[in-house]
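See structure below.
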Amino acid sequence: MRDHSRHPRHPRPLGTDAPVPKVWTGRATNRLQWVAAVAGAGCMALGITLAVESPWTSGIAPLLMAVIGCVAAGLLVLFGTLAFVHVEVKVDDRAMEVRCGHIGVPRCRILLANVVGADYVPRVTPHEWGGWGYRWRPEKGKAVIVRRGEALLLRLDDGRTFTVTVDDAEYGVRVIRDRLRPATPTESTGA
């Protein structure tokens, strides 16, 4: 039987009565980012090729600037895209943790004690956040956007919001809401 708490095939609606898992994980992937990663690697290769195969007749300063520029641009593009090829969200009884890319950086941990609500957002686009990646917009809050599509949004106790695009976001919201619900008080048997 497939473990739907880890990689669900079909989203579960918020009103489902099934018990929520102790730890919920969700992922989102953007394979288009690999194209940009290849371009970054190409820039780095160009810089290395210039350094190795150039006849050095035009002087060292222009060649050095070209090599450093190509390698630096390549590294920036490569890291910037590989960091946001995918995102993994983990919710346990204390916090929601967001890890980006293959090395898990950037990483963000939000304590559920600081969360006042969670909402399902059926469609988020990189355009509305200003692109892919770790984003901040004064009127919207912070976000990790790796692709267009569904997202979960946390409303924090300081008035800020945090949005993350993730598959099965609706079920993730249900898990978070379940964690935020106050425990039902036991009947008192006192005097």
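Determine the shape class of the range 47-87: with a ≥ b ≥ c the square roots of the Cα gyration tensor eigenvalues, call it rounded for a/c under 1.5, and otherwise prolate if a/b is greater than b/c, oblate otherwise.
Details: a/c = 7.61, a/b = 3.30, b/c = 2.31.
Prolate shape, in that a/c is at least 1.5 and a/b is the bigger ratio.
The charge dipole of the range 73-191, taken about its Cα centre with unit charges on the Cβ of Lys, Arg, Asp and Glu (plus for the first two, minus for the last two), comes to roughly 360 debye. The residues neighbouring His86, those whose beta-carbon lies less than 11 Å from its own, together hold a net charge of +2 under the Lys/Arg +1, Asp/Glu -1 convention.
Taking square-rooted eigenvalues a ≥ b ≥ c of the alpha carbon gyration tensor, is the range 80-188 rounded, prolate or oblate, where a/c under 1.5 means rounded and, failing that, a/b exceeding b/c means prolate? In terms of gyration-tensor shape, prolate.
Using a cut-off of 14 Å between beta-carbons, work out the net charge of the residues near Arg109 (Lys and Arg +1, Asp and Glu -1, Arg109 not included). Display every interim value, and only then the final one.
Working: positive: Lys90, Arg94, Arg99, Arg107, Lys142; negative: Glu88, Asp92, Asp93, Glu97.
Within the 14 Å Cβ shell, the charges total +1.
What Kirkwood Rh does the range 72-122 have if only Cα atoms enter the pairwise 1/r average? Answer in Å.
Details: mean 1/r = 0.0797 Å⁻¹.
12.5 Å is the Kirkwood radius here.
Computed with every protein chain present, the accessible area of Thr57 is close to 120 Å² [probe 1.4 Å].
The values are calculated or read from the model by the stated rules, or taken from the named source; none is laboratory data. In this text, all values refer to a predicted model and were calculated from it rather than measured experimentally. Using ideal geometry, Cβ is built from the backbone for each residue, glycine included, and neighbour counts are taken over all protein chains shown. With ligands, DNA and RNA removed, areas are computed over all heavy atoms of the protein, side chains included. Shrake-Rupley method; radii C 1.70, N 1.55, O 1.52, S 1.80 Å.
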